[in-house]
């Protein structure tokens with residue numbers, strides 16, 4: 001959780017994304033507690049309201065839930081929810097940019113698909 | 001209405017050191033010149049000096065703290081009055097040790113002196129150094145004119161003569177003091193903080 | 001017991017010059033506000049007026065609905081930590097650090113002496129040193145101690161980081177956030193140095209030449225702007241109909257700063273012919289206030 005914040009997206013979105021990443025990586029397992037708003041604010045030197053906004057975003061998406069008087073916890077099935085959400089956004093966030101960049105480099109479809117196959121096979125033994 | 005007596009006491013204590021040093025200085029000078037140091041008039045004169053300086057310093061630099069730390073101008077003005085009263089009481093007590101009878105005229109003139117000091121300080125905040133100098137000159141003139149007329153034995157009307165007599169002078173001093181205090185308040189009312 | 005500090009139609013004239021032009025601002029309870037503006041924009045004047053340290057020529061200033069002018073109760077809840085003058089009427093300010101601390105202890109109703117001493121030690125402030133002998137940085141730190149330890153429900157700091165280097169600035173914001181997390185009090189910080197500040201201010205008020213040109217949530221404000229660059233014709237086409245704030249041209253390329261609705265910006269981001277990137281608070285501030293330099 002020591003990733004630096006950048007200026008490309010709103011901070012609260014970055015907070016939400018970082019929490020999601022950590023959940024995917026198994027740093028926080030389902031039903032485990034995640035850092036509180038104040039702890040997150042302190043970690044990143046940001047306004048607690050901003051940290052709260054990011055956390056509440058995940059609560060709205062039912063990735064986190066609140067246990068009164070204790071704190072925020074990872075919901076059951078959060079991992080699956082995050083994957084689904086990111087898969088839906090994958091097209092907009094990665095594919096479009098990939099295609100645009102390929103176009104500006106005049107990489108044809110067949111070459112592009114070949115590159116994808118190559119990258120996938122490189123990652124196979126894991 | 002809170003008047004922060006502890007603050008006044010602290011401020012006074014801080015500046016009393018200087019006032020006390022002044023006092024000691026004059027006493028030494030007096031002793032060296034073999035002047036009748038414990039003469040009432042001499043002591044009153046020294047005290048007058050301190051009585052003028054303390055309220056003026058209060059307005060000029062003492063105001064830095066209360067006014068910038070959430071005290072209203074009305075409170076600050078009243079605190080100034082407490083300061084003056086406190087000084088007056090101390091000085092009266094000291095004087096009573098040396099006087100065969102209660103020196104009412106002296107005390108009244110000291111009241112006028114402290115009010116003058118307060119007005120001097122207030123004027124300095126509003127009109128700067130120029131205001132202070134003009135006011136000081138005015139005071140000097142007022143005293144000088146009266147003294148001059150008296151010394152020249154100038155023909156005076158009965159009213160003026162009666163003004164110069166003992167019972168009237170203290171009353172005039174107090175009146176003048178009150179007017180000066182009122183003037184100070186007019187300046188304090190809308191004082192800008194730094 | 002949430003009280004709002006509010007000014008409406010605030011006008012302040014110094015001599016012949018009108019410094020604040022009918023300003024409307026509102027500071028709600030429990031938020032960290034950034035009051036940002038260039039030098040001479042009127043930040044200190046505005047803060048002076050709303051804390052009754054200066055009288056306004058026109059307008060109403062209220063705290064919890066009651067006027068602040070000569071209001072003992074209201075002023076007891078507001079702390080305005082302004083720059084400490086190193087020169088007093090007749091020369092140097094000979095008051096010492098410990099005098100300010102002592103006065104604060106005697107005058108601020110909510111003063112936290114322990115916290116104050118902790119901060120003084122942390123900053124390495126010499127208690128016996130005269131204010132006129134302090135460096136600019138130390139002077140700023142004294143102001144910060146007074147503000148934080150005042151524990152006032154509304155605490156205002158006027159350019160607290162002016163004399164501080166970047167390390168000290170970051171330290172200050174950490175302290176501020178720490179205290180805010182504990183006390184949830186209202187903070188108003190005026191500054192023109194924005195690097196570290198942007199992530200701390202929940203709401204921001206931009207003052208330009210005596211006018212409030214923006215007021216609202218920091219994030220929401222910044223997200224209305226984008227930096228668009230690429231080939232001139234394509235940039236022009238892409239931003240048609242949007243408000244353009246800055247323009248830079250070089251050869252065939254052009255770069256602009258635009259401001260628009262979320263919808264339009266999302267569409268814009270889909271445009272493959274131009275490069276889009278977001279702005280940060282500092283760049284937004286420059287875009288909004290820097291234009292006059294041509």
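The values are calculated or read from the model by the stated rules, or taken from the named source; none is laboratory data. The model shown is predicted, which means the values in this text are computed figures rather than measured ones. Cβ coordinates were reconstructed from backbone atoms using ideal geometry, including for glycine residues, and neighbour counts include every protein chain displayed.
All but one of (1) assigned to a helix (DSSP H, G or I); (2) outside the structural domain of residue A:116 (by TED's automatic domain parsing); (3) under 14 Å from the mean Cα position of the chain (by Cα) hold for residue A:28; state the number of the condition that does not hold.
So residue A:28 meets the others, but not (1).
Collect the residues in the range C:102-121 that are within 11 Å of chain B (Cβ to nearest Cβ) and over 23 Å from residue C:33 (Cβ atoms), keeping them in residue-number order.
C:102, C:103, C:105, C:106, C:107 - these are the residues of the range C:102-121 that are within 11 Å of chain B (Cβ to nearest Cβ) and over 23 Å from residue C:33 (Cβ atoms).
All but one of (1) in contact with a helix residue (DSSP H, G or I) (Cβ under 7 Å, 6 or more places away or on another chain); (2) under 19 Å from residue A:42 (Cβ atoms) hold for residue C:171, so report the exception by its number.
So residue C:171 meets the others, but not (1).
Looking only at residues that are closer than 26 Å to residue C:84 by Cα and either more than 12 Å from chain B (Cβ to nearest Cβ) or free of Cβ contacts under 8 Å to residues at least 24 places away in the same chain (or both) in the range C:45-62, which one is surrounded by the fewest Cβ atoms within 10 Å (Cβ to Cβ)?
Per the criteria, the residue is C:55.
For residue A:80, state whether it is surrounded by fewer than 13 Cβ atoms within 10 Å (Cβ to Cβ), at pLDDT 90 or above and more than 18 Å from residue C:201 (Cα to Cα).
yes
Every residue in the range C:212-226 that is in contact (Cβ under 8 Å) with a residue 24 or more places away in the chain and either within 12 Å of chain A (Cβ to nearest Cβ) or over 16 Å from residue C:192 (Cα atoms) (or both), please.
C:218, C:221, C:222, C:223, C:224, C:225, C:226
Regarding the range C:84-99, can at least one residue be identified that is at the interface with chain B (Cβ under 10 Å from one of its Cβ atoms), within 23 Å of the chain's Cα centre (by Cα), surrounded by 19 or more Cβ atoms within 10 Å (Cβ to Cβ) and within 28 Å of residue A:49 (Cβ to Cβ)?
no
Answer yes or no as to whether residue B:125 is within 14 Å of another protein chain (Cβ to nearest Cβ) and closer than 24 Å to residue B:16 by Cα.
In short, yes.
Out of (1) touching a helix residue (DSSP H, G or I) at 6+ places or on another chain (Cβ under 8 Å); (2) within 14 Å of chain C (Cβ to nearest Cβ), the odd one out for residue A:100 is which?
(1)
Would you say residue C:35 is modelled with pLDDT of 95 or more and in contact with a helix residue (DSSP H, G or I) (Cβ under 9 Å, 6 or more places away or on another chain)?
Criteria met by residue C:35.
Look through the range B:6-26, keep the residues that are surrounded by 14 or more Cβ atoms within 10 Å (Cβ to Cβ) and out of contact with any helix residue (DSSP H, G or I) (no Cβ under 8 Å at 6 or more places or on another chain), and return whichever of them is farthest from the other protein chains (Cβ to nearest Cβ).
B:16
Among the residues of the range C:57-100, write down those that are touching a helix residue (DSSP H, G or I) at 6+ places or on another chain (Cβ under 7 Å), part of a helix (DSSP H, G or I) and under 13 Å from residue B:64 (Cα atoms).
The one that is touching a helix residue (DSSP H, G or I) at 6+ places or on another chain (Cβ under 7 Å), part of a helix (DSSP H, G or I) and under 13 Å from residue B:64 (Cα atoms): C:100.
Pick out the one residue from C:279, C:265 that is under 14 Å from residue C:224 (Cα atoms), touching a helix residue (DSSP H, G or I) at 6+ places or on another chain (Cβ under 9 Å) and not assigned by TED's automatic domain parsing to the domain that holds residue C:213.
Residue meeting the stated conditions: C:279.
Quick grid of which residues meet (1) under 26 Å from residue A:98 (Cβ atoms); (2) outside any helix (DSSP H, G or I); (3) modelled with pLDDT under 90:
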site: C:248; (1), (2), (3): no, yes, yes
site: C:255; (1), (2), (3): yes, yes, no
site: C:264; (1), (2), (3): yes, no, yes
site: C:267; (1), (2), (3): yes, no, yes
site: C:272; (1), (2), (3): yes, yes, yes
site: C:285; (1), (2), (3): no, no, no
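Within the range C:197-211, track down each residue that is assigned to a strand (DSSP E or B) and either within 14 Å of chain A (Cβ to nearest Cβ) or buried (at least 22 other Cβ atoms within 10 Å of the Cβ) (or both).
Once the filter is applied, which keeps residues that are assigned to a strand (DSSP E or B) and either within 14 Å of chain A (Cβ to nearest Cβ) or buried (at least 22 other Cβ atoms within 10 Å of the Cβ) (or both), the range C:197-211 yields C:203, C:204, C:205, C:206, C:207.
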